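Asker: Below is one structure. I have some questions about it.
Bear in mind that the values in this text are calculations on the coordinates, not laboratory data. On a predicted model such as this, the values are computed, not experimentally measured, just so you know. So basically every Cβ, Gly included, is an ideal-geometry build from the backbone, and we count neighbours across all protein chains shown.
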């Protein structure tokens, strides 16, 4: 049976459901520097190699005699390696150039501009002085972001020059959290700030045809950072309705980057001047988004991905119409994690709330800009309507406290 080659196993709290789904479809050969105990039951073979070392991975796969169906990763940092390996083994996948452009925010903006895809005005800056000059050229407020990071790391809002100077320092601090060589770049993008709700569109692409599977409503933490503090996927009647220009915009963004295969995650801001694409990632969205999609509508995007590589027609019909949300729990300040206290309360019929503590006791938790995505716990809420889901999740979050030692 043909195998799935997976680059990096990830964090159990956020990736186990994805790995379990892949393992249900085909044997999984894992590439990564570790094989955690929790992942062993899902993995047929483990290749102990850095996921960016394409030549060594190729050699090891050939030595093992593994016949591959597809190469995939959850991580932004490895999408270029996925494309290169897919090409090496003659598999379906995005071209190395598509992967490179999707990883590089500057190249992505240039591709969008060439193809008329609406996205924020963006200028490249190489020095602090150039960042300031670009901000005045665009006009405050602006957003600065590292050219080649991910997960909102180092993305900072500035509405004055004084705030911009602080944002520059915060962006520099974010680079200390980078652990892959492909992510390290000195350049900064300065972009116009788009004020409005943020959504992400989760899609599956088959031979260039984009099928939108779900829309995620996103919640961000307090400015000036763009730390994501919650997501909601609603399949109640009207829950997936979009402004009419958004589906066309999503397809146009994929065409601009020449995306041909895979799960994608398109972030969009709904501003007063219309929808604008913030980024298009040629990999699955993180933060349990795909689990929320499955809880809300019954569709497993990783199964759809494998089906597409086997030429099985995609069945995109929801098997249920529910609402699922996730709230991330952070400490009020930096400190050593002790415990999470969360008082449970009676819930209406059809509403569920699950608290998962992810931080280990004794771990030091930090806040932006010293750390991003440094969470103590998360809460997954399910309900029949978005109103019920938000009401129950908001109440649970208010009753939840991170205790620091």
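Asker: Tell me the label-point distance for the pair residue 363, residue 20, using the 7 Å Cα-to-Cβ offset, in nm and rounded to one decimal.
Answerer: Using points 7 Å along Cα→Cβ, the separation is 2.0 nm.
Asker: So, one more: How high is the relative contact order of the chain? Use alpha-carbon pairs under 8 Å, at least six apart in sequence, and give a whole percent.
Answerer: It comes to 14 percent, rounded to a whole number.
Asker: On to the next question. Considering only C-alpha atoms, what is the centroid distance from the stretch 185-207 to the stretch 353-397, in Å?
Answerer: Spelled out, the Cα-based centre of one part sits 23 Å from the other.
Asker: If you don't mind, another one. Could you work out how much longer the chain between residue 273 and residue 166 gets when fully extended? Use 0.36 nm per residue separation minus the Cα distance between them, nm to one decimal.
Answerer: 35.7 nm
Asker: List the extent of the Cα atoms of the stretch 271-405 along each of their three principal axes, largest first, rounded to whole Å.
Answerer: 54, 38, 38
Asker: Between residue 405 and residue 115, what is the spin-label point distance in nm, taking each point 7 Å from the Cα along the Cα→C-beta axis?
Answerer: 5.1 nm
Asker: Projected area of the stretch 41-145, taken from the Cα convex hull and averaged over every viewing direction, in nm²?
Answerer: 9.8 nm²
Asker: Among 388, 344, what is the fewest-to-most ranking by other Cβ atoms within 10 Å?
Answerer: Fewest-to-most ranking of 388, 344: 344, 388.
Asker: Kirkwood Rh, the stretch 270-334, all Cα pairs: how many Å?
Answerer: Working: mean 1/r = 0.0676 Å⁻¹.
Over the stretch 270-334, the inverse of the mean reciprocal pair distance is 14.8 Å.
Asker: Considering the convex hull of the alpha carbon atoms of the chain, report its projected area averaged over all viewing directions, in nm², one decimal.
Answerer: 19.5 nm²
Asker: Calculate the FRET efficiency for residue 211 and residue 320 from the Cβ-Cβ distance with a Förster distance of 25 Å, rounded to the nearest 0.05.
Answerer: Approximately 0.85, to the nearest 0.05.
Asker: If you don't mind, another one. How much FRET efficiency would the formula 1/(1 + (r/R0)^6) give for residue 195 and residue 11, where r is the Cβ-Cβ distance and R0 is 35 Å, rounded to 0.05?
Answerer: Working from the Cβ atoms, E equals 0.60.
Asker: What FRET efficiency would be calculated for the residue pair residue 311, residue 349, taking the C-beta separation as r and a Förster radius of 51 Å, to the nearest 0.05?
Answerer: E between residue 311 and residue 349, to the nearest 0.05, is 0.75.
Asker: Then there's this: Plugging the Kirkwood radius over Cα pairs into Stokes-Einstein for the stretch 3-91, at a temperature of 4 °C and a viscosity of 1.567 mPa s, what D comes out in µm²/s?
Answerer: It comes out at roughly 101 µm²/s.
Asker: In addition: May I ask you to sort 341, 3 by Cβ crowding, counting other Cβ atoms within 10 Å and putting the fewest first?
Answerer: Ascending Cβ contact count within 10 Å gives the list 341, 3.
Asker: Which value in nm describes the separation of the simple spin-label points at residue 336 and residue 219, placed 7 Å from the Cα toward the beta carbon?
Answerer: So the label points at residue 336 and residue 219 sit 3.1 nm apart.
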